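Scroll down for the structure; my scribbles are underneath it.
The values are calculated or read from the model by the stated rules, or taken from the named source; none is laboratory data. Since the model is a prediction, treat every value here as computed from it, not as a measurement. When we count neighbours, we look across all protein chains shown, and the Cβ atoms used for this are built from the backbone with ideal geometry, even at glycine.
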Amino acid sequence: MTAGKLIRTIFFIEILQGMALTLRTMFTPAVTRRYPKVKRPVQPGFRGLHALAKNEEGKMKCVGCGLCGAYCPSQCIHIYTTEGEDHNKVVDRYEIEVLRCVYCGFCVEACPFGAISLSEHYEYSGYSRKEFYMTKEKLLANWDKYFTGKKGERYYKDFWRPKSEDFHGYEGQAMFKGIKNEK
Amino acid sequence: MEDIEKTFETRELTISMGPQHPATHGVLRLVLNLDGETVVKCTPYVGYLHRGIEKLGENRTYFAALPLSDRLDYISSMNNNVGYVNAVEKLFGIEAPERAKFIRTMVAEMGRISSHIIWLGTHVLDIGATTPFLYAFREREVIMDLFEMLCGARLTVSYPRVGGVRNDISQEFLDRLYEFVLDFPSKMDDYETLVTENRIWKSRTVGIGVISAEEAVNWGLTGAVLRGSGVDYDVRKYAPYDAYDKMEFDIPIGRKGDCYDRYLVKMGEMRQANRILKQCIEKLPAGPVMADAPKFTLPPKDMVLKDMEHLIHQFILITKGPTVPEGELYMGTEVPKGELGFYFVSDGTGKPYRMRVRAPSFIHASVLPRLCEGGLIADVIANIGTIDIVLGECDR
């Protein structure tokens, strides 16, 4: 054992260094939040509770093609359609088992009409499983609740994937622009 | 005195540790035969978290099975996604564009840092140090926030896609990531100040769970457990995928193959991951992020609305899946835990005939008896922590 090592062992140097670090950290600002009172800001494009989109006339955009249900990895979307008066497809029931959903967002990617969306709402709880069986009416109400105003229009422009520009590249892509605050 | 020893009857005690034990990192059950405090026999029981992911993969198209890979090793889901899409791309015979490759490398290294941080926090917590755990989660939170900014989810990301990535990164993301990269080495120094030289930590890990290089290879170990024994093997270096062939990085290796060396290897890996991240950001090229392979990637959404051909493509690809060449393929990628391999048997349809996952955690769990037998019961905890298993991946 070298002399330096002996001194370090006798005087608990490494323990004291660790304790000094802990003491320093005591005076740094806290990184935690007092959750129910202070809420974490959600990033745009967060994949939360589902909503069925409405068009300008306030009608459901969904036409019942069933592509979301076919693509869904957890198979939690159920669509029941019948033939309408002038031989068009009528969506009778559109149901999502929210407790089975894995929030991958594949339904949004699959939908060719921009009819389903994932809202930024993530705090939901209930007393029974029935409350999490989202029917068409509930999903449409979610749209009114969480996609008010311009938010609904913007949603599809921002989060429809893949876009044409993903296949050929475009001006203004995020690039490294050197160190900003070089010390 | 001798009479007492003769009449005093001792026998082996069998205890069941887990599946709900807080230090087993999931639902691992170990049946331990004890002679006093010495472990005579250790039998791991796995399967409490079995969800049949391999079978589920056979019933979904190659695209739709991607979220299943999130749920293998749920604390580094990004790496699993990257491994999955790399294997599927190799099967399809397509290649992602350069920019997508760089982004994938970037997010995979972020995943590696976040997984290693959790490993450090929990491993040290099991042994008795609470402080590094809190510090570790502070840094992990930054990475989680960046993931959320990137793709809208923090844990189960489903971000890479077959043929590229889901969306291009934003400038804000890149700037914030660069800030993190510049800041991270100082945080690493903090962890090392707290743990590396600490005498309690050293007495709990040095010389515990020793496995020689030859044995480690024979047990099929990969990742930090193998490198801790002194075997210089890393999939990223010897069979590069994505942009790893353009990156400069070293492979930290240990010498003795004990818990302490494995700890040093993992700490070194975090620094190397940070180095790769920095290079990724600085070298990031411009260009597309999805491969131009209409038979194997979903068509652009704006075209689906306008063009009938694209709409038909969308319907065919989603309901039937792509038409895949027949044959079989294995592709291994380096995830934080070791080598994660995907093995596909394709019969030409849009769904795999067989999907097999080579999970590093399963193989590492099988080496537990070798590490624990002959040691003390307290060292079982150190051994579970050091091999860094996640039972979601182990049981699949």
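Check B:Val88 against each of (1) aliphatic (A, V, I, L, M); (2) over 30 Å from A:Gly172 (Cα atoms); (3) not in a helix (DSSP H, G or I) and name the one condition it does not meet.
(3)
How many of the residues making up segment A:127-173 are assigned to a loop (DSSP other than H, G, I, E, B) and either over 24 Å from B:Arg166 (Cβ atoms) or under 22 Å from the mean Cα position of the chain (by Cα) (or both)?
The qualifying residues number 10.
Have a look at B:Ala136, B:Ala100 and point out the one that is assigned to a helix (DSSP H, G or I), hydrophobic (A, V, I, L, M, F, W, C) and within 11 Å of chain A (Cβ to nearest Cβ).
Checking each option against the conditions leaves just B:Ala100.
Regarding A:Cys68, is this residue in a helix (DSSP H, G or I), within 30 Å of B:Phe173 (Cβ to Cβ) and within 14 Å of another protein chain (Cβ to nearest Cβ)?
Here the answer is yes, as A:Cys68 does meet what is asked.
Does B:Leu125 satisfy the condition of being more than 9 Å from every other protein chain (Cβ to nearest Cβ), free of Cβ contacts under 8 Å to residues at least 60 places away in the same chain and part of a helix (DSSP H, G or I)?
Yes, satisfied.
Which helices (runs of 4 or more DSSP H) sit wholly inside segment B:1-81 and have at least 1 residues that are surrounded by 17 or more Cβ atoms within 10 Å (Cβ to Cβ) and assigned by TED's automatic domain parsing to the domain that holds B:Leu368?
Helices (runs of 4 or more DSSP H) meeting the threshold: B:53-58, B:66-70.
On the basis of being assigned to a loop (DSSP other than H, G, I, E, B) and among the hydrophobic types (A, V, I, L, M, F, W, C), does A:Val102 make the cut?
Taking the combined requirement at face value, the residue satisfies it.
From the set of residues in segment B:278-332 that are on the phi > 0 side of the Ramachandran plot and more than 9 Å from every other protein chain (Cβ to nearest Cβ), which is modelled with the lowest pLDDT?
The residue in question is B:Gly321.
Does at least one position in segment A:36-46 carry a residue that is surrounded by 10 or more Cβ atoms within 10 Å (Cβ to Cβ), over 21 Å from the mean Cα position of the chain (by Cα) and farther than 30 Å from B:Ser186 by Cα?
no
Answer yes or no: is there a residue in segment B:10-19 that is more than 30 Å from B:Lys101 (Cβ to Cβ), of a type outside the set (S, T, N, Q) and in contact (Cβ under 8 Å) with a residue 60 or more places away in the chain.
Looking through segment B:10-19, at least one residue is more than 30 Å from B:Lys101 (Cβ to Cβ), of a type outside the set (S, T, N, Q) and in contact (Cβ under 8 Å) with a residue 60 or more places away in the chain.
Only one residue in B:Lys90, B:Lys41 is touching a strand residue (DSSP E or B) at 6+ places or on another chain (Cβ under 7 Å) and either within 19 Å of B:Ser366 (Cα to Cα) or of a type in the set (A, V, I, L, M, F, W, C) (or both), so which one is that?
It is B:Lys41.
Give me the residue from segment B:159-197 that is assigned to a loop (DSSP other than H, G, I, E, B) and surrounded by 20 or more Cβ atoms within 10 Å (Cβ to Cβ) and, out of that set, nearest to the chain's Cα centre (by Cα).
B:Tyr159
What are the pairs with Cβ atoms under 7 angstrom where one residue, in segment A:140-165, is among the basic types (Lys, Arg) and the other, located anywhere, is not in a helix (DSSP H, G or I)? Sequence gap at least six, or different chains.
A:Arg161/B:Arg166; A:Arg161/B:Asn167; A:Lys163/B:Pro300
Looking at B:Gln314, B:Gln279 in this structure, which one is in the same structural domain as B:Asn86 (by TED's automatic domain parsing), more than 30 Å from B:Lys351 (Cβ to Cβ), touching a Lys or Arg at 6+ places or on another chain (Cβ under 9 Å) and among the polar types (S, T, N, Q)?
Just a single option satisfies the conditions, and that option is B:Gln279.
Could you say which residue among B:Arg262, B:Arg255, B:Arg271, B:Arg275 is outside any helix (DSSP H, G or I), out of contact with any strand residue (DSSP E or B) (no Cβ under 9 Å at 6 or more places or on another chain) and not hydroxyl-bearing (Ser, Thr, Tyr)?
Result: B:Arg255 is the single residue among B:Arg262, B:Arg255, B:Arg271, B:Arg275 that is outside any helix (DSSP H, G or I), out of contact with any strand residue (DSSP E or B) (no Cβ under 9 Å at 6 or more places or on another chain) and not hydroxyl-bearing (Ser, Thr, Tyr).
The rows are residues; the columns are (1) surrounded by 17 or more Cβ atoms within 10 Å (Cβ to Cβ); (2) without any contact (Cβ under 8 Å) to a residue 24 or more places away in the chain; (3) within 19 Å of the chain's Cα centre (by Cα).
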position: B:Met267; (1), (2), (3): yes, no, yes
position: B:Lys295; (1), (2), (3): no, no, no
position: B:Asp307; (1), (2), (3): no, yes, no
position: B:Gln314; (1), (2), (3): yes, yes, no
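For segment B:82-98: of the residues being touching a Pro at 6+ places or on another chain (Cβ under 6 Å) and surrounded by fewer than 24 Cβ atoms within 10 Å (Cβ to Cβ), which is nearest to B:Met355 (Cα to Cα)?
Looking at residues that are touching a Pro at 6+ places or on another chain (Cβ under 6 Å) and surrounded by fewer than 24 Cβ atoms within 10 Å (Cβ to Cβ), I get B:Pro97.
Condition test on A:Ile96, is it touching an Asp or Glu at 6+ places or on another chain (Cβ under 8 Å), more than 10 Å from chain B (Cβ to nearest Cβ), closer than 30 Å to B:Leu72 by Cα and buried (at least 19 other Cβ atoms within 10 Å of the Cβ)?
Answer is no for this residue.
Considering every residue within segment B:242-253, establish whether at least one is within 14 Å of chain A (Cβ to nearest Cβ) and modelled with pLDDT of 85 or more.
no
Would you call B:Tyr244 in the same structural domain as B:His364 (by TED's automatic domain parsing), touching a residue at least 40 places away in the same chain (Cβ under 8 Å) and buried (at least 24 other Cβ atoms within 10 Å of the Cβ)?
Taking the combined requirement at face value, the residue does not satisfy it.
Anything in segment A:1-28 that is in contact with a helix residue (DSSP H, G or I) (Cβ under 9 Å, 6 or more places away or on another chain), within 13 Å of B:Leu194 (Cβ to Cβ) and among the aliphatic types (A, V, I, L, M)? List them, or say none.
A:Ile15, A:Ala20, A:Leu21
Restricting to segment A:99-137, count the residues that are closer than 28 Å to A:Lys37 by Cβ, free of Cβ contacts under 8 Å to residues at least 40 places away in the same chain and within 14 Å of chain B (Cβ to nearest Cβ).
0
Name every residue in segment A:144-183 that is over 26 Å from B:Leu298 (Cα atoms), of a type in the set (A, V, I, L, M, F, W, C) and out of contact with any helix residue (DSSP H, G or I) (no Cβ under 7 Å at 6 or more places or on another chain), in order of residue number.
A:Ile179
Evaluate the following for A:Gly45: is it in contact with a strand residue (DSSP E or B) (Cβ under 6 Å, 6 or more places away or on another chain), within 17 Å of A:Cys107 (Cβ to Cβ), within 9 Å of chain B (Cβ to nearest Cβ) and among the small types (Gly, Ala, Ser)?
no
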